[in-house]
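What follows is a single structure, written as structure tokens, with notes after it.
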Amino acid sequence: MKKMLLFVNPAAGREEMRHSLMDVISKFTAAGFDVICHPTQKPQDITEVIAAVGSSYDIVVTCGGDGTLNETVAGLMRLKKRPILGYIPTGTVNDFASSLNIPKTIPEAVETIIHGVPFPVDMGGFNDRYFTYVAAFGAFTKVSYATPRASKQALGRTAYLLEGVRSLSDIRPIHVRAVAGDRVIEDDVLLGMVTNATSVGGFKALDDDIVKMNDGLNELILVRATKDLVEFNALLGSLILRDFTPERYHILQAEQVTLDFQEDVPWTLDGEFGGETRHAEIVNIPTPLRIMVPGDGEEA
């Protein structure tokens with residue numbers, strides 16, 4: 001039998017897993033897995049457990065949101081021998097799952113882990129930390145970790161929208177100097193993101209023909225500061241329509257990006273607080289992990 005280490009975050013999303021856990025374990029067992037289930041106990045619990053014992057398992061399955069997945073990846077990246085990753089997305093937004101077409105219902109996600117194929121996927125490095133799909137600063141980036149957990153569970157994605165409206169008064173320009181290869185950008189921006197995803201914050205970002213989850217490149221998106229409310233409203237409209245004109249955005253692809261600021265700037269990594277820094281070195285780490293995706297994915 002293949003050995004499976006299953007992590008469950010009971011507090012993620014709407015807590016569906018509490019009602020489905022025994023059925024999930026039963027399905028995995030019937031499929032030939034020897035399942036050890038570990039309910040999360042504290043922040044970074046998943047990372048510590050995987051770093052200690054993860055290499056002795058064939059597959060590590062994590063159930064929760066993007067933050068839970070981030071902790072899982074952080075643990076896997078500490079291992080020399082890395083098991084395959086399975087993901088049951090039960091968070092509020094689940095951007096990473098959307099980008100890989102991983103189903104967002106528990107039964108379908110379980111079937112994907114049992115019958116899908118392992119897909120090699122890039123990861124991101126942020127100074128001395130890791131992220132799966134986005135490192136961001138500026139406007140609205142606090143929303144995901146500032147929104148109360150009770151609101152997320154009760155209202156789902158609407159809770160993020162309400163928190164985003166409350167944060168409008170905090171938006172201010174941030175001066176940044178970004179270096180990617182021989183390209184240098186220095187500008188005042190409202191929002192900056194280094195991503196490896198087609199969905200960020202629950203909204204469609206760059207197109208699938210641009211974003212490849214295992215091409216060795218991250219996408220840098222800098223949203224240029226606006227001069228007045230009229231320009232800001234036009235900017236919001238262009239974000240919704242994904243009209244990324246050079247007048248409003250800097251967009252490029254790179255293996256490595258360095259960003260420098262005039263003051264400490266708060267960052268968000270996969271929807272969780274990533275600390276404050278004046279200097280960020282962000283790199284693409286080519287295909288260190290394999291994650292189970294639906295059967296039409298690219299098998300490793």
Original post:
Gly54 passes all but one of (1) closer than 20 Å to Thr112 by Cβ; (2) touching a strand residue (DSSP E or B) at 6+ places or on another chain (Cβ under 8 Å); which number fails?
Top reply: (1)
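Which of the residues that make up segment 114-130 are more than 23 Å from Leu6 (Cβ to Cβ), touching a helix residue (DSSP H, G or I) at 6+ places or on another chain (Cβ under 8 Å) and open to solvent by less than 40 Å² (accessible area, probe 1.4 Å)?
Of segment 114-130, the ones more than 23 Å from Leu6 (Cβ to Cβ) are 122, 124-129.
Those still in the list that are touching a helix residue (DSSP H, G or I) at 6+ places or on another chain (Cβ under 8 Å) too: 129.
Hits for segment 114-130: nothing passes.
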**OP:** Say whether the condition of being more than 16 Å from Leu21 (Cα to Cα), of a type in the set (S, T, N, Q), open to solvent by less than 10 Å² (accessible area, probe 1.4 Å) and touching a residue at least 40 places away in the same chain (Cβ under 8 Å) is met by at least one residue in segment 67-90.
**Re:** yes
Subject >> Output for segment 198-225, where each listed residue is at negative phi, assigned to a loop (DSSP other than H, G, I, E, B), modelled with pLDDT of 70 or more and open to solvent by less than 40 Å² (accessible area, probe 1.4 Å) >> reply: Thr198, Val211, Met213, Ala225
Original post:
Do we have any residue at all in segment 77-97 that's at pLDDT 95 or above and within 20 Å of Val200 (Cβ to Cβ)?
Top reply: yes
**OP:** Of all residues in segment 170-189, count the ones that are under 20 Å from Trp267 (Cα atoms) and at pLDDT 85 or above.
**Re:** 13
Original post:
How many residues, within segment 91-105, are of a type in the set (Val, Ile, Thr) and either open to solvent by 20 Å² or more (accessible area, probe 1.4 Å) or closer than 15 Å to Thr287 by Cα (or both)?
Top reply: 2
Subject >> Subset of segment 264-291 (residues that are out of contact with any Pro (no Cβ under 8 Å at 6 or more places or on another chain) and farther than 17 Å from Ala136 by Cβ) >> reply: Ile285, Pro286, Pro288
Subject >> In segment 256-274, residue nearest to Lys212 (Cα to Cα) [restricted to those that are surrounded by fewer than 21 Cβ atoms within 10 Å (Cβ to Cβ), touching a residue at least 40 places away in the same chain (Cβ under 8 Å) and not aromatic (Phe, Trp, Tyr)] >> reply: Gln256
**OP:** Kindly check whether there is at least one residue in segment 11-33 that is touching a strand residue (DSSP E or B) at 6+ places or on another chain (Cβ under 8 Å), open to solvent by less than 70 Å² (accessible area, probe 1.4 Å) and in a strand (DSSP E or B).
**Re:** yes
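Just name the residue that is nearest to the chain's Cα centre (by Cα) out of those in segment 182-197 that are in contact (Cβ under 8 Å) with a residue 40 or more places away in the chain and surrounded by fewer than 21 Cβ atoms within 10 Å (Cβ to Cβ).
So in segment 182-197, the residues in contact (Cβ under 8 Å) with a residue 40 or more places away in the chain come out as 183, 185, 187, 189-197.
Subsequent filtering for residues that are surrounded by fewer than 21 Cβ atoms within 10 Å (Cβ to Cβ) retains 183, 185, 187, 190-191.
On the way: Arg183: 26, Ile185: 25, Asp187: 26, Leu190: 20, Leu191: 17 Å.
The qualifying residue nearest to the chain's Cα centre (by Cα) is Leu191.
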**OP:** Name every residue in segment 101-139 that is of a type in the set (D, E, K, R) and outside any strand (DSSP E or B), in order of residue number.
**Re:** Lys104, Glu108, Glu111, Asp128
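The values are calculated or read from the model by the stated rules, or taken from the named source; none is laboratory data. A quick note: this is a predicted structure, and the numbers were derived from the prediction, not measured. Here the Cβ is made from the backbone with ideal geometry for all residues, glycine too, and neighbour counts use every protein chain on show. These area figures cover heavy atoms from the full protein model, side chains too; ligands, DNA and RNA do not enter into them. Shrake-Rupley method; radii C 1.70, N 1.55, O 1.52, S 1.80 Å.
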